[in-house]
Each structure stands twice: as structure tokens, then as C-alpha cells.
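What follows draws every value from the coordinates through simple rules; no lab data is involved. In this text, all values refer to a predicted model and were calculated from it rather than measured experimentally. Heads up, the Cβs are rebuilt from the backbone with ideal geometry, glycines too, and the neighbour counts pull from every protein chain shown.
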Amino acid sequence: MRALLLALALAAGSACAQPVGPARLGPDAAYAPATPHAVAHVDGLAVDSGRVYGARPIPYRVYYPEGVDGQLPVVVWSHGGAPGKRDPATSGPVWGRVLAGAGYASVHPAHGPLTRAEREAQCAAIGVTACETFKFNDWQRPRDLTFLLDHLAALDPAAAPWAARLDLSRLGVVGHSAGSGATATLAGAVRRWEGATLRHADDRPLAFGLLSPQGRGDGGFSEGSWAGIRRPVFFASGSEDGPTPEARLDPFRGVSSDVAVHYWVEHPGAQHTLFELKERACLRATRDQRVCRALAEPLAQAVVGFLDAYVRGDAGARVWLDALEPSPTSAATVLRR
């Protein structure tokens, strides 16, 4: 039976039955989860008191599979949107259910907005002169992610029993749009603005996913920004992914990693938010939910297969990923390096 990861995630609430566990190949070569379990979530709050403007709250939601023994591999998800979000429930919830449905603890922070005074304090501290147009969360997001990882590692299981389930030695980071910029930064990308350079790599993640990634000229990225990325990385974007979709191939072409996969979707429905697993823009373009599901579901399977291969360390998933050739209905092409 074909794995309907996305359809189940869209239809399910936080405690509805969903497929989880180590994934396997289905008879039709789709990437299929093993066993149905319930997916639940828990909310938390990390507070970084070390920012130049004062304390920064980082609320987060953790999606996890119920009924699975032992520790869970972890994915941290970074959302897009320049202004930021206050509510982690709006930070990639469909991806949260998909990833938890595949057996991961999926951690979704909300990268919050800053007040005008906080933005000005940040710009003064890092040397950015064009503060009115500077996208402040480009600087904040990577720090949010590393602080959140520190916070998760330091949690007392007596106070947060669910934290004992997190296996942070098996860790991936995935981001969408501006969140992919934060993900690339943790992977080793270098970003530059007038007056400021951002280097904020983190050695803990094993692999990264950059969905609708920022290209040259966006978010401080330029020629050579991605050369420091040497760990496995999965990219995904498409023909209708913003005003300059071709630029989203820049990171794939620029990394030094021996393992780089770009999942490119050539279709009117391949809108920017399709890669966030949201259907609305795709539906406006195609007026057919079945088409949107046919585009998004194989994408979700490919991301899970990549994470299973390089975060979970599943040899079978690596074989599947290396042989992946999307079906015509997915309108996708897989580029490899």
C-alpha cells in the first residue's frame, strides 16, 4: 500500500492515528512508514537572556509518536517569514505531523518579532547601518536554533519526562524559506551584509534540509557562501517558488558536501508554500487538490527518506534515496552531486 504520509498529516489532529516507526519500501517503491501509532505534542519555552537587547523568548512545540519504545531521533524545524511568529503551533505543523509520523521527535520553534528598540540595539551591536531594511530574524534565527539545542540537552527529565525520549546524537535540522537560511548557517554557510558577517555553524546536526532555500543576494548570501557546508544536505524547490525560482538552486551548486540532493518540482502547483506542505497556493494555481497531494506527498517521502538515511543511519533508506527517480505525477527531477 502506498504511504499517504501527507494526506494523513493533513487530516489528523495531534492525537489521531498516524503511521510512525522506521520506514520501509512499499511494493510500489514509495517510501512507507511501518506501523500506525498516535502522534501527540508538547509545548515548551526556552529563554535566551544573552541577546544584546535583553531576553529573547523562544516558544516551541515538539511533535512525537506515541507507543514507540526507546529514544527518538530529533529534527529541529525552522519556519520562514521575515517578520517572525509568536505561536509555535503555526510553525510548520504539517511537517511536524509528517516527521513525527515517521518516528521522529520534531521540534518547532517560533522565531519571534523584535520591537523597534530591540532591532536598533541589534543593528548597533553588529554594525549594520541600513537597519530599516535589515531582516533582523536572519541574524536571530541561527542563534535561536543553537540556544534551543542547548536548552533541550539541559532539560531535566524529572521536570519534563518527554525530554528523556530525545536522542540528540541523531539530529537533523530542516528549514523552509528564511528558515532554510538559518539551517544553512548552522551547516556552515557564511552570510555577509554591509558592516556585518555571520558565522554560526553548529557541529551537532548530522544532516540538513533546505526547502525553498535563499539564493545569492537574499538574506546575506553571496557567491561562495555555501562552500563551508560539508555535511549531507537535501534541497527542494520548484518552478513557481517565488519571483526568482532559479536562484534557489544556488545553495545546491555552492556546497562542498559529497552528499547533496536537490528535489526540483516543475509544475504550476510548485508554489513557495507547497514546500511547507501547505496546499492553498497550489490549489489557487491548479484548482485540484489531488494534483497538490500528488506533488507534495512524494516530496514528504523524499525528505523522510533522506533523514532516515543520514540521521537515523538506515542503510536501506540510503539505497532507496540513491535510486530515487520520481514518478511523472510528482513532476519532480532529482539532481545529485
- Message: Can you list residues from other chains, or at least 5 along the same chain, whose modelled amide H is less than 5 Å from the amide H of G103?
- Response: G21
- Contact order relative to length for the chain, counting C-alpha pairs under 8 Å separated by 6 or more residues, stands in percent at 14
- Task: Once you have all Cα-Cα distances for segment 191-304, histogram them in 5 Å bins from zero and send the whole-percent values.
- Result: 2, 12, 21, 20, 18, 13, 8, 4, 1, 0
- Mean Cβ count within 10 Å, highest first, over the residues of peptides 143-150, 196-203: 143-150, 196-203
- Hey, could you get me the Stokes-Einstein D for segment 143-191, Kirkwood radius over alpha-carbon pairs, 37 °C and 0.692 mPa s, rounded to whole µm² s⁻¹? 270
- Message: Using a Gaussian network model on the chain with a 10 Å cutoff between Cα atoms, which of L210, L45, L299 fluctuates the most?
- Response: L45
- Query: How large is the charge dipole for the chain, taken about the Cα centre, if only the Cβ atoms of Lys, Arg (+1) and Asp, Glu (-1) carry charge, to the nearest 20 debye?
  - Reply: 180
- Message: As a footprinting exposure proxy, order E66, E118 by other Cβ within 10 Å, with the fewest listed first.
- Response: E66, E118
- Item | Size-normalised alpha-carbon gyration radius of the chain, reference 2.2 N^0.38 Å | 0.94
- Item | segment 45-186 - Debye-derived log10 I(q)/I(0), Cα point model, q = 0.09, 0.17, 0.20 Å⁻¹ | -0.28, -0.90, -1.19
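What does the charge count around V259 come to, taking other residues whose C-beta lies under 13 Å from its C-beta (Lys +1, Arg +1, Asp -1, Glu -1)?
Details: positive: R230, R231, R318, R336, R337; negative: D258, D322.
Here the charged neighbours net out to +3.
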- Task: Only bridges with both residues in the chain count here: give the DSSP antiparallel percent, nearest 5.
- Result: 55
- Task: Based on the mean of other Cβ atoms within 10 Å per residue, sort peptides 95-107, 282-294 so the most packed one is first.
- Result: 95-107, 282-294
